[in-house]
1. Only one of (1) without any contact (Cβ under 8 Å) to a residue 40 or more places away in the chain; (2) crowded, with 20+ Cβ neighbours inside 10 Å is not met by Val48, so which one is it?
2. Taking only pairs six or more apart or across chains, which ones have beta-carbon atoms under 8 Å, a first residue in region 128-152 that is in a helix (DSSP H, G or I), and a second residue that is of a type in the set (Asp, Glu) and surrounded by 12 or more Cβ atoms within 10 Å (Cβ to Cβ)?
3. Testing Lys77 on (1) under 23 Å from the mean Cα position of the chain (by Cα); (2) within 23 Å of Ala94 (Cβ to Cβ), one condition comes back false. Which one is that?
4. Would you tally the residues in region 64-81 being without any contact (Cβ under 8 Å) to a residue 40 or more places away in the chain and exposed (fewer than 15 other Cβ atoms within 10 Å of the Cβ)?
5. I'm checking my understanding of the structure. Among residues of region 82-103 that are modelled with pLDDT of 90 or more and within 19 Å of Glu11 (Cα to Cα), which one is surrounded by the fewest Cβ atoms within 10 Å (Cβ to Cβ)?
6. Which one is modelled with the highest pLDDT among residues in region 116-173 that are polar (S, T, N, Q) and under 13 Å from the mean Cα position of the chain (by Cα)?
7. Tell me whether region 92-99 contains one or more residues that are without any contact (Cβ under 8 Å) to a residue 12 or more places away in the chain, under 27 Å from Gly78 (Cβ atoms) and assigned by TED's automatic domain parsing to the domain that holds Ala38.
8. Examine region 112-125 for a residue that is touching a strand residue (DSSP E or B) at 6+ places or on another chain (Cβ under 7 Å), of a type in the set (Lys, Arg), within 24 Å of Gly47 (Cβ to Cβ) and surrounded by 12 or more Cβ atoms within 10 Å (Cβ to Cβ), and state whether such a residue exists.
Amino acid sequence: MTREEKATIIEQLTEKFNSTNFYYITDASGLNVAQINAFRKMCFEKGVEYNVYKNTLIQKALENAGAANEELAQALKGFSGIIFTNEDGANLPAKTITEYRKKQGSDRPFLKAASIDSDVFLGEEHLKMLSELKSKSELIGEVISLLQSPAKNVVSALQSGKNTLGGLIKALEEREN
């Protein structure tokens, strides 16, 4: 790979790191080409982008983007692939990794690190927690639902009270006659 090609890759990666705060660093070593292609295809179908880069190129792009830190530097050893996702799908890479593992009956790819809105999670032990994170859309939906709930309760109480009140008046009328 020439210096120009490396510079181009670093520039592209820097743009990606600047444009998204949600990415996962994985280790897919031990998977053959067909398995990596199957994982890549699954990522594409889920709407996330998976690519493999040299660790030095990733580190330089992180430095250029101002996102480099000691924790991520520790994760950049061995085989490294990066999964980029958008804000709405912060949990999609973790779900994709988990689903791929179940389909393949494998324990790969490993989660080396994840950066979720500038919070860094190191290690495989965070995969389950990350896959259970709710997306921004899901959280907004829950908040709206919670805000609507008291109003719905008042409306339903008034509606049921209307029927009860009407029945009570009718019973009183019949009693007088």
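1. (1)
2. These pairs meet every condition: Lys136/Glu87; Lys136/Asp88; Ser137/Asp88.
3. The number of the failed condition is (1).
4. Step one: list which residues in region 64-81 are without any contact (Cβ under 8 Å) to a residue 40 or more places away in the chain, which gives 66, 68, 70, 73, 77.
Next cut, exposed (fewer than 15 other Cβ atoms within 10 Å of the Cβ) only: 66, 70, 77.
Of the residues in region 64-81, 3 are without any contact (Cβ under 8 Å) to a residue 40 or more places away in the chain and exposed (fewer than 15 other Cβ atoms within 10 Å of the Cβ).
5. Phe84
6. Of the residues in region 116-173, the ones polar (S, T, N, Q) are 118, 131, 135, 137, 145, 148-149, 153, 156, 159-160, 163-164.
From what's left, under 13 Å from the mean Cα position of the chain (by Cα): 131, 135, 137.
Details: Ser131: 84, Ser135: 73, Ser137: 76.
This residue is Ser131.
7. Residues of region 92-99 without any contact (Cβ under 8 Å) to a residue 12 or more places away in the chain: none.
Checked against the condition, which is being without any contact (Cβ under 8 Å) to a residue 12 or more places away in the chain, under 27 Å from Gly78 (Cβ atoms) and assigned by TED's automatic domain parsing to the domain that holds Ala38, region 92-99 yields no hits at all.
8. Yes, some residue in region 112-125 is touching a strand residue (DSSP E or B) at 6+ places or on another chain (Cβ under 7 Å), of a type in the set (Lys, Arg), within 24 Å of Gly47 (Cβ to Cβ) and surrounded by 12 or more Cβ atoms within 10 Å (Cβ to Cβ).
The values are calculated or read from the model by the stated rules, or taken from the named source; none is laboratory data. What you are looking at is a predicted structure, and each value in this text was computed from that prediction instead of being measured. For neighbour counting, all protein chains shown are included, and Cβ atoms are generated from backbone atoms with ideal geometry for every residue, glycine included.
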